[in-house]
1. Residues with amide H under 5 Å of PHE636's amide H, sequence separation 5 or more or different chain, H placed in the peptide plane at 1.01 Å from N; which?
2. Summing +1 for each Lys or Arg and -1 for each Asp or Glu, what net charge is found among the other residues whose Cβ lies under 12 Å from the Cβ of ILE233?
3. According to a simple spin-label model (label point 7 Å from Cα along Cα-to-Cβ), what is the distance in nm between LEU106 and GLU613?
4. Say each of LYS533 and GLU443 gets a label point 7 Å from the Cα, pointing the same way as Cα to Cβ; how far apart are those two points in nm?
5. Using the 10 angstrom Cβ neighbour count as an exposure proxy, how do TRP118, TRP56 rank, fewest first?
6. May I ask you to sort ARG633, ARG618, ARG318, ARG235 by Cβ crowding, counting other Cβ atoms within 10 Å and putting the fewest first?
7. Find the relative contact order for region 215-370 and round it to a whole percent, using C-alpha pairs within less than 8 Å whose residues are 6+ positions apart.
8. Using a Förster radius of 51 Å, what is the FRET efficiency between ASN48 and THR329 based on their Cβ-Cβ separation? Nearest 0.05, please.
Amino acid sequence: MKMYNRITGIAILLCCLLRPFGAMAQHTNADSLAVFHAIDIAEEFFTNSNYDSALWYCAKAEEMSRQKNYKKGQAFALIEATDIYIDKDDLVKAEATASTVNKMGLQMKDSLVAAVAWMQMAQVKMYGDHFDAAIPLFEKSLQFYLAKYPTKYSALAYNDLGYTWGRKGELSKQAENLVQSIRIYETYFPGKVGELAIALSNLSTVYYGLNQKEKAIEYAKKSLAYREKTGDIPRLSLGCCNLSQYYIGVDNEEAEKYLQLCIKYALQSKQEARIVHSYVTAAQLYNINKKPAQALEYEEKAIAIMEKSKKDSAMLARRYMAAGTLSRTLKKDTATINAYYDKSLAILKLQPDKINLRDFYYQLAEYNKETGNYTAAYNFYRQYILYKDSLVSANTQASIAEIATKYETEKKDHEISTLQVNEKLRQLEIEKQKAVIAGNMLEAQKKQNEILVLSQQKELQDAALKQQTQELEKQKLVSKNDQQQLQLSQQEQQLKEKEVQVQKQIRNFIIAGALLLLLFGAFIFNRYQLKKKLEQQKQLLDVRNNIARDLHDEIGSTLTSIRILSEVSKNNITKDAERSSVLLTQIAEQSEQMQQGMSDIVWAIKPDNDKMENIVVRMREYTSHALEPKNIRTQFNIDEPLLAGTLTMEQRRDLFLIFKEAVNNAAKYADATLVTITLKQTGNSILMQVADNGKGFEAKTSTSSNGLKNMQARAQALGGTAGIQSEKNKGTTVTINIPAT
């Protein structure tokens, strides 16, 4: 159900009895009773949110009125249907139906019907967030009839008009209209506790907006007491949520208590608006209690529901704003924070709201101050002050003071009216006594009835006078509080300006220090670059020396051997053909070895082969070349994560040469059928093992082996170790352990 109450069937029936006598000629009392009975049934279904049945009875009442040419009955059937359309959020049908009713009221010259239709047209605009269009329609309905003749419609119109002014940030006008609504309910309709609860709740929100939490709590509790009498679950949830928010920072235990009641009633109601409100209340409470993660979780739940329904854009803007602020608290990334704030601003640009804009610019000011953008922070803070002062300004104070003056005037009017009523009562008592003495009991009874009516009026006037006195005191406190708020805001602005100046000075010092650090850093960096260049030149020289040494060791000695073998073969080619053939075979083998050596040198130099993955490929190629021709199977055990690693040129060259030496020994001397190569990373080291299942040997007697010494020398050059384990008939294992890069 909407926040604003509807027309009940009994009230409509009472209005029907006030219809012009001209309409009576076209239908009977039985007809009017039947029509309004159907409207009462529609109201019952409406109260239980059974819209289809409610609209069916409205259509039935309208058709009955058409048949009897009963215009007033037809108008009130359409009025009830308009309320249903509004509650269903079918604002297009609601506006069309209200417009039809307004035309009927003007044609019938029925001021009440026309005024109620204008009020409903205003409600349609209000629920569509078209506040500027709603206000003139509310005022027209009041000026045309409702302000002159107080009815429940009058109270409802004042209540909704107050809400609309509040959405525009006009707190004084909101308070003025809400007080008018409450006065009408308490004076003329004290039994309408549901409607009174709504008006009191709205007034509590005004005080909360003015930061008068005690007054806000007082009126919210009064509202909640009335709602408990009606048993209205959705509005009980709303009242508990409001009280939980009001208690935040005042009494957190009470805030938690009312929060639990709020969530309980919201879930019972199964209404989206109430559930969203309970989530928002939970988020605010957890935020105050330093639980930002839970608060953000509830904000995101509320945002998810509201994004789907797209009903309350102003509330959605606040939720984005709150989510952005909580993301700042949780130190989330800049993109996430800005995304929330940008979504909030996009809504506020389409539908400006002073209260939301005030809070939005304050949050932006704080955010930019946190990130060190003090110029932007100062500009946003000035925007915040402008909106804040426009809400709580001298004009607002004057307007609220004007309300107090009006109440003082009404108080005097009531005092005069009370004296007149007392005088009238004395006169009626005298006339009653005269009638009794004259034996005219009918006249005496008539006078007694008049006395009872006047007495009731006097009681109502006394109650209204008491209420007005309380309102006057309230407004004085409001005015005083607002003056203090203005002074505080001015002082706060001055402090902020001083803070910005201090921040600017600090920023200048930081910039100067940063420049000095940059100059010093540039000097150090240049020195570092020079040092790195020298190191690179030394490394390049080392690479050249290594290549020269490798060419000398691998290629030079082989070429010398080939030259000698060639000369010997040349000398023996005619004398000893068999000897020459053996020598030529040796020349071919050494040429192949030299080619392989050259390939190894080129492979070690190329930067593309830095990755362990490429080194393993090279190892597989070598084992295929060295072991497969001898029918020796090869098994590789490689750690997958190790393949993504890299080695320097020296590391991969020496590691590969050690590997070649170990595999070559297994191929030549082991008589093995299986060679297992293992590569894995252990901590910050790379472990390589080459194990065969060959005949083995006594390791203690072979420690002088040149092959093992070469492997140990290369491992030590890499900062690692090399070892060999072997036993007769149990195979041989060569283990190399070098540091990883």
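Coordinate-derived values only; no laboratory data. All figures in this text were calculated on a predicted structure; none of them were measured in a lab. As a convention, Cβ positions derive from the backbone with ideal geometry for all residues, glycine included, and neighbour counts pool all protein chains shown.
1. Here the answer is ILE677, since their amide H atoms fall under 5 Å of that of PHE636.
2. Working: positive: ARG227, ARG235, LYS264, LYS270, ARG274; negative: GLU228, ASP232.
The answer is +3.
3. 8.1
4. Here the answer is 12.9 nm between the modelled labels.
5. Working: TRP118 27, TRP56 15.
Going from least to most buried by this count: TRP56, TRP118.
6. On the way: ARG633 13, ARG618 18, ARG318 22, ARG235 25.
Listed from fewest to most nearby Cβ atoms, that is ARG633, ARG618, ARG318, ARG235.
7. On the way: 179 pairs, mean separation 22.9, N = 156.
Answer for region 215-370 is 15 percent.
8. Details: r = 43 Å, r/R0 = 0.85.
Using R0 = 51 Å, I get an efficiency of 0.75.
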